[in-house]
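*Asks:* There's a structure below that I have some questions on.
The values are calculated or read from the model by the stated rules, or taken from the named source; none is laboratory data. Being a predicted model, the structure only gives us computed values, none of them experimental. A quick note on method: Cβ atoms are made from the backbone with ideal geometry, for glycine too, and the neighbour counts reach across all protein chains shown. Note: areas computed on protein heavy atoms with side chains; ligands, DNA, RNA excluded. Shrake-Rupley method; radii C 1.70, N 1.55, O 1.52, S 1.80 Å.
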Amino acid sequence: MTGHLRQRPAGFKVSALGIAAALLLSACATQAPRAPGTTPRITERHVEAPALSPQMAAAADTLTKMAGLQDRLYKVAAPLLIQNAELCKGQARNLLGFTAKNRWSYPGEYNEAAHVAFGMDEHLQVTGVLAGSGAARAGLQTGDVLLAAGGKPLPTGEHALSQAGAIFAKIIASQASLPMTVERRQSERQLTIPVTRACAFAIELGNSDNVNAYGDGSRVLVTRGMINFTHDDDELAFVLARTMAHNMLGHPAAQRNSATIGSIIDNLKSITPDTSMLIGSGGIKAMPAEADAAADRLGIYLAARAGYDVKDAPAFWTRLAETYPPSVLNGYSANHPALPQRLAAVEKAVGEIKAKRSAKKPLVP
């Protein structure tokens, strides 16, 4: 298999461009076996480099800003997903801990922008590596081009993403690691990626400025507005952990909100979402006080187990509710209005965690 030399215009970065935080790709395809090389081999692929028009530059700038937010979201989510696998129970999976895309992962002008500004082409390229995962331990890096898995060439082109995952899934179904060939800096490298047990929630970026977060049972989406509202990683972890907790406790299904929230997540994770869906409450029922308090308690434990400092959680949730009260219908407090009960649950959980740490007891709710 031959590679290609990647050329990227100055002033743009690849970063974790367009992370969709599904931690294990899935689908099916097989191709003829490829004998892996014994030493890194220089590869030469040539791609044309069209001029970067103002429209394309604007599209590339949009993708770059998304990448920065996704980087932060993925970094903060990593320990929450890995360190809480035992609490996720039926929602934990053996995952590889990386995501990948190619130019076809982006619609319209963003397809060409990803190609010209970031060097993405028909081949899958790593867009994110979960810190602490098997992929991270194996040395997989953002920007690595995926060439082969288990000695078999990986699919390319428009449907590569939907076809590659089943190759991975088939291999790790029978063994504890994935042999992979990647291209990095014009050379091929052989990596062996062990699986990682983690909560299998997809972590999504919402491209809207309303301050909210959504969980539909299998996914967690945090809006751009919410990310920008948080002051530090601890505060962002509170939001992620609490939304994970709603999923773990089955609240979206119990409230019959799964389909409605799922539609909102599908919309908001697109590059140009239809923000009219956020008018009013978006059709989401407010969470009952008892369910909200339960998610707050579990969320504090999830954050603490992941190494985040939870002592300021009550102050964060108070500041959020004061800044965006329930009267802001597309905001967080409108969906989670029971602040007194929630704060009581948070403060109790923070006290429990402090006592358990002092007694050297495990942090299990």
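*Asks:* Of all residues in the range 252-278, how many are touching a residue at least 40 places away in the same chain (Cβ under 8 Å) and open to solvent by less than 20 Å² (accessible area, probe 1.4 Å)?
*Replies:* Matching residues across the range 252-278 total 7.
*Asks:* Identify the single condition in (1) over 13 Å from residue 214 (Cα atoms); (2) of a type in the set (Asp, Glu); (3) out of contact with any helix residue (DSSP H, G or I) (no Cβ under 9 Å at 6 or more places or on another chain) that residue 266 does not satisfy, given that it satisfies every other one.
*Replies:* Tallying (1) over 13 Å from residue 214 (Cα atoms); (2) of a type in the set (Asp, Glu); (3) out of contact with any helix residue (DSSP H, G or I) (no Cβ under 9 Å at 6 or more places or on another chain), residue 266 fails exactly one: (1).
*Asks:* Residue under question is residue 306, and the condition is that it be open to solvent by less than 20 Å² (accessible area, probe 1.4 Å) and over 26 Å from the mean Cα position of the chain (by Cα); does it hold?
*Replies:* no
*Asks:* Where in the range 141-233 are the strands (runs of 3 or more DSSP E), entirely inside, with at least 2 residues that are more than 27 Å from residue 330 (Cα to Cα) and touching a residue at least 12 places away in the same chain (Cβ under 8 Å)?
*Replies:* 145-149, 177-184, 187-194, 196-199
*Asks:* Out of the residues in the range 86-114 that are among the hydrophobic types (A, V, I, L, M, F, W, C) and either over 20 Å from the mean Cα position of the chain (by Cα) or assigned to a helix (DSSP H, G or I) (or both), which is farthest from residue 71 (Cα to Cα)?
*Replies:* So the residue we want is 87.
*Asks:* Filter the range 115-131 down to residues that are surrounded by fewer than 24 Cβ atoms within 10 Å (Cβ to Cβ) and in a loop (DSSP other than H, G, I, E, B) and give me whichever is nearest to the chain's Cα centre (by Cα).
*Replies:* Per the stated criteria, the residue is 131.
*Asks:* Specify which of the listed residues (165, 157) is on the phi > 0 side of the Ramachandran plot and not polar (S, T, N, Q).
*Replies:* So the residue among 165, 157 that is on the phi > 0 side of the Ramachandran plot and not polar (S, T, N, Q) is 157.
*Asks:* (1) closer than 24 Å to residue 321 by Cβ; (2) open to solvent by less than 30 Å² (accessible area, probe 1.4 Å); (3) not hydrophobic (A, V, I, L, M, F, W, C): which one isn't true of residue 231, the others all being true?
*Replies:* Unmet for residue 231, out of (1) closer than 24 Å to residue 321 by Cβ; (2) open to solvent by less than 30 Å² (accessible area, probe 1.4 Å); (3) not hydrophobic (A, V, I, L, M, F, W, C): (2).
*Asks:* Working only within the range 184-205, note down all residues that are buried (at least 18 other Cβ atoms within 10 Å of the Cβ) and over 19 Å from residue 130 (Cα atoms).
*Replies:* 188, 189 - these are the residues of the range 184-205 that are buried (at least 18 other Cβ atoms within 10 Å of the Cβ) and over 19 Å from residue 130 (Cα atoms).
*Asks:* Go through the residues of the range 55-78 one by one and say whether even a single one is closer than 23 Å to residue 180 by Cα and at pLDDT 90 or above.
*Replies:* yes
*Asks:* Follow-up. For residues that are open to solvent by less than 10 Å² (accessible area, probe 1.4 Å) and within 21 Å of the chain's Cα centre (by Cα), scanning just the range 141-161, find the one that is modelled with the lowest pLDDT.
*Replies:* Here the answer is 160.
For (1) out of contact with any Ser or Thr (no Cβ under 8 Å at 6 or more places or on another chain); (2) not aromatic (Phe, Trp, Tyr), each residue gets a yes or a no:
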| position | (1), (2) |
| --- | --- |
| 282 | no, yes |
| 287 | yes, yes |
| 296 | yes, yes |
| 301 | yes, no |
| 317 | yes, no |
| 323 | yes, yes |
| 331 | yes, yes |
| 336 | yes, yes |
| 350 | yes, yes |
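*Asks:* Here's something else I'd like to know. Name the single residue, out of those in the range 279-303 being assigned to a helix (DSSP H, G or I) and open to solvent by 50 Å² or more (accessible area, probe 1.4 Å), that is farthest from residue 353 (Cα to Cα).
*Replies:* 290
*Asks:* All but one of (1) at pLDDT 95 or above; (2) of a type outside the set (Ser, Thr, Tyr); (3) buried (at least 23 other Cβ atoms within 10 Å of the Cβ); (4) out of contact with any Phe, Trp or Tyr (no Cβ under 8 Å at 6 or more places or on another chain) hold for residue 221; state the number of the condition that does not hold.
*Replies:* For residue 221, the exception is condition (4).
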